[in-house]
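Worksheet: one structure, shown below.
The values are calculated or read from the model by the stated rules, or taken from the named source; none is laboratory data. Worth saying up front: this structure is predicted, and the values here are computed from it rather than measured. Quick reminder, even Gly has a Cβ in these numbers, built from the backbone with ideal geometry, and neighbours come from all protein chains shown. Side chains are part of the model used for accessible areas, which takes the heavy atoms of the whole protein and leaves out ligands, DNA and RNA. Shrake-Rupley method; radii C 1.70, N 1.55, O 1.52, S 1.80 Å.
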Amino acid sequence: MSAALAAAVLELVRAAAPDAEAEVRVAETTLALTRFANSFVHQNVTDTGTRVRLRMHLDGRTATGSTNGTDTDSLGRLVASTIAAARLLPPDQGWPGLTPPGPTATAGNWDDATADAPPEVRARIVRDFVAAAGGLETAGFCRTHAERLAYANTAGQEVAAAYTSAAADGIARLAAGPGGVRADGVARQAATAVGELDGAALGTIAAAKARAGADPVDLPPGRYEVVLEPSAVADVLTLLGMYGFNGRAVTEGRSFLVPGTAQFDPAVTVDDDATDPAAIGPGFDAEGTPKGPTPLVTAGLSGGPVHDRRTAAEAGTESTGHAIPGGERFGAMPENLFLRPGPGGTVDDLVAGVERGLLVSDLWYTRVLDPKTLVVTGLTRNGVWLIEDGQIRRAVSNLRFTQSYADALGPGNVAGVGSVPAGVPVSWDLGAVSTPPLRLASWNMTGGAAG
Amino acid sequence: MTEFDAAGAAVQAALDAGARYADARVMSRRYEGMSARNGEVEDLTQSEESGLGVRALVGSSWGFAAVPDLTDAAARDAGARAAAIAKASALVPGPAADLLPVDVRTGSWGNPVQIDALSVPLSDKGDLLVAVTSTMREHGADIALASYEIWDTRKWFVSSEGHRIDQHLRECGAGMNSTAIGEHETQRRSYPGIRGQFGTSGWELVEQIDLPGNAARIAEESRALLTAPQCPAGETTLILGGEQMALQIHESVGHAVELDRILGWEAAFAGTSWLDLSRLGSLRFGSELMTITADPTLPGALGSFGYDDEGTPAAPHDIVRDGVWTGVLAGRDSATVAGLPYAGAVRADGYARLPMVRMTNVGLLPGTDSLEDMIAATDEGVYMDTNRSWSIDDRRLNFQFGCEIGWEVTRGRRGRMLRNPTYTGISPRFWGAMDMLGNPAEWVFWGTPNCGKGQPGQIGHTGHPSVPARFTGVRVGVTG
């Protein structure tokens, strides 16, 4: 239906404004999420809907409209109001034109069982998580998501995709100790199909980590060697992608990135790849540009950045297929990040090489102090442990850090890249990051949980 | 079929499918946002969405379903599905759930506006943004941005208890910022705040904040910051401007007093709270100067409404009174669990999202001092304003906030401009060190249009009345 809807909107545009350049993106979405806390399901939701987005360039002016109505009246109103808006605006000098015809890089990963998953499927995964936690209090979510996308424009580009995703993410909570603070352990999994989710395995891991978090000690601020578990690495990669590899930020001088220079440790290879079998999402971006594999860091050498059509035109290059819906102000972003595995083995193997340092599960509430240096502050969460002589000695209270994410992965700073990648669900969105754990030479802890 | 009819059909279908309580919201929202960059309009987006969300309570388990169609059949299907989802929730059951008894309400509410923001010609709005970004470029900005946003929302609420309420909220706001790019870092100045200023208001709010009158100043300040001395590290007296105080209230008080967090319902994502319900009414949250209310009746503030999304009429109540923790933000279900007699702070971000506990207008009542009084009374310290970064732990206890600009304060005078000012603290210790508070003339209802919470994610609009304030013994100047 989505392709037909996109074509119908384009026909309306052609009838009302034959000279307009226009593009239409139609997304039919079903999102269901089962949330649990205090070891029971307390929120359980589903919504289905269609979003039609029209962007139009008319008489040198550009406007965008969207609606979730798919009836004739709604679509007619969308076209008329977007034309009217475009005619009232100042000229758009930087209009980059529409994406020319070309095939999608991938039709997406689709799983019927995920798309049609009834609430009982998610509830059973939650039940397994809760049961496996062995009586510890639990909280988290299980999510299924399906989307059919179609894009068409007046330049002749027509692409479509269908994809599904599923995620489970939860904590087990050890009762508060003498200090009144609980110890939380976390486990999470992202996949393209709900059948891959294993609530029992996740609950078991989360509970074991929570129990290992008992009786934490406070450590003083300072620089520590760290082993970051995949969830923590995912945060580093996400902010690098948003701020560092954002083509607009690079063009404007707001990013540290200098493509072609050795800004990262030789152990680091990162790419954005919608065609990877583990990738979640379509094979084209919000402008209908195919999303091929995009090297961002190759053995420490900076690549990228990623572009949409406008930022590419500003930089004198081609779009890499990373326009995001509604991202005109922020610029392009990678959405399928993969940190490629290294020879470092498991988390335990990485820990074994650390003389004194910290094992960190999650980085939480991370915010950028300055986009150019990519100095970030945040806290550890869901488990941090002291490593001595290659052994995990004891749990540590959460720490605040203030650390440049670019420097953290800089030359000489990556002491190990794990061998097994994990799909980490992005907490605020529907995507995922694939990454192994990392051992880093230095991480700047600037305060304890107590101040 | 009217919107009330659709909501009623959904509620009835949920009851028919076994629910013992159900409510439904039909919501219709128009949005318009425009941004300009360096003297050119870069984006205009207009959107509209409407649909119905229905919530069903079966036994002690909840279900929620949303659809964009307002036909009788679609509404009934959504109601039945919400009940079916609630039954699935019972596979992992919890304790008995109930709703705080309330008076059943019927009514209408809408906030007044002087100038309907959607009716202001796009060309006028575009000219404003182009002009201020051009001015900023002329005065030193490497990147000059300006934007406005407008929301026009209508809601129709029906519950199985007999509620029947419609509301019309009109919100808007605008802001601008200048970024200067140096060799090693960037510096930014924003006006009126990090995202602008927003309220339940018409376009008159945008006219009042006077973007043109401040464009040159913030551009020059952003340029000057590149060569200003770094904010020194150490412990000192800290004076915060009103905009940064709004952020301080939002993050370290507003979220901490959300009852769903306190009860553990957000434990895995947004987090919990350091507050323990057993100490409600006795815990010292801050100094005696600290009185914070949650007041959704404040005219023009962004967190104002007539009824929340459970049909509870807007009413103010204390959160902190004279430094003692006295209240929470609650919904009908969480209030029942906690044994509290009030709710009224539940809202949903659109028809497709579950109503949940959200801040209303959580803010400080003013004191008797002024910003100038604070500077004059400070022998050595730092004055900071306009939020730049914010991070706080999952218990809302340990925070580190950065501001766009700071100034030395020495022997009662404002001195040199300082770049990269940050401060850090532990919430009750920090609030306990507040010793001066701005007066009613400095009281501003700051609006935050981007408060994220929930899974699936929801964006909330919250208000934060605040004034400048002074704190002693604060750690400043944390850098990476």
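Worth pointing out:
- Kirkwood radius and radius of gyration were both taken over the C-alpha atoms of the range A:1-159, and their ratio Rg/Rh is 1.15.
- Relative to the compact-globule estimate of 2.2 N^0.38 Å, the Cα radius of gyration of the range A:74-180 comes out at 1.82.
- Overall, the accessible surface of the protein assembly as shown at a probe of 1.4 angstrom is composed of carbon and sulfur to the extent of 51 percent.
- All Cα-Cα separations within the protein assembly as shown were binned at 10 Å from zero, giving a P(r) of 2, 12, 22, 27, 24, 11, 2, 0, each value a whole percent of the pairs.
- Residues in the range A:35-74 reached by a label modelled at A:Arg14 [backbone nitrogen below 20 Å; 7 Å Cα→Cβ]: A:53-59, A:72-73
- Helix-only CD estimate at 222 nm, as mean residue ellipticity for chain B, using -39500 (n - 2.57) per DSSP H run (n ≥ 4): -6000 deg cm²/dmol
- Sequence-distant lysines (8 or more away, or on other chains) whose Cα lies within less than 28 Å of A:Lys291: A:Lys372
- Heavy-atom accessible surface of chain B, averaged per residue, reaches 32 Å², computed with a 1.4 Å probe.
- Buried accessible surface for the A/B chain pair comes to about 6700 Å², total over both chains, computed with a 1.4 Å probe.
- Residues of type lysines that B:Lys125 reaches as a straight line, Cα spacing below 25 Å, ignoring anything fewer than 8 places off in the same chain: none
- Longest exposed-site-free window of chain A, the sites being chymotrypsin sites (Phe, Trp or Tyr not before Pro) in a DSSP loop that have at most 16 other C-beta atoms within 10 Å: A:111-329
- Label point distance in nm, B:Asp124-A:Ala200, each placed 7 Å from Cα along Cα→Cβ: 6.7
- Comparing each chain alone with all protein chains together (probe 1.4 Å, DNA, RNA and ligands left out), the residues of the range B:390-422 losing at least 50 Å² of accessible area are B:Trp390, B:Ser391, B:Asp394, B:Asn398, B:Gln400.
- Virtual spin-label span in nm between B:Trp443 and B:Ala233, 7 Å along Cα→Cβ: 4.1
- The calculated FRET efficiency for A:Met1 paired with A:Asp215, based on their beta-carbon distance and R0 = 35 Å, is about 0.05.
- Virtual paramagnetic centre 7 Å along Cα→Cβ of B:Gln114, amide N under 20 Å, in the range B:439-466: B:441-447
- Computed across chain A, the Kirkwood radius stands at 23.2 Å (inverse of mean 1/r, all Cα pairs).
- Isotropically averaged projected area of the range B:234-476, using the convex hull of Cα atoms (one quarter of hull area), nm²: 12.1
- Gap separating the Cα centres of the range A:27-58 and the range A:318-353, nearest whole Å: 24
- In the range A:319-359, GluC sites (Glu not before Pro) in a DSSP loop with at most 15 other beta-carbon atoms within 10 Å: A:Glu355
- Loop trypsin sites (Lys or Arg not before Pro), the range B:140-184, which have at most 11 other Cβ atoms in a 10 Å radius of their Cβ (DSSP): none
- Residues of the range B:53-68 buried by at least 30 Å² on assembly (accessible area, 1.4 Å probe, chain alone as reference): B:Trp62, B:Phe64, B:Ala66, B:Pro68
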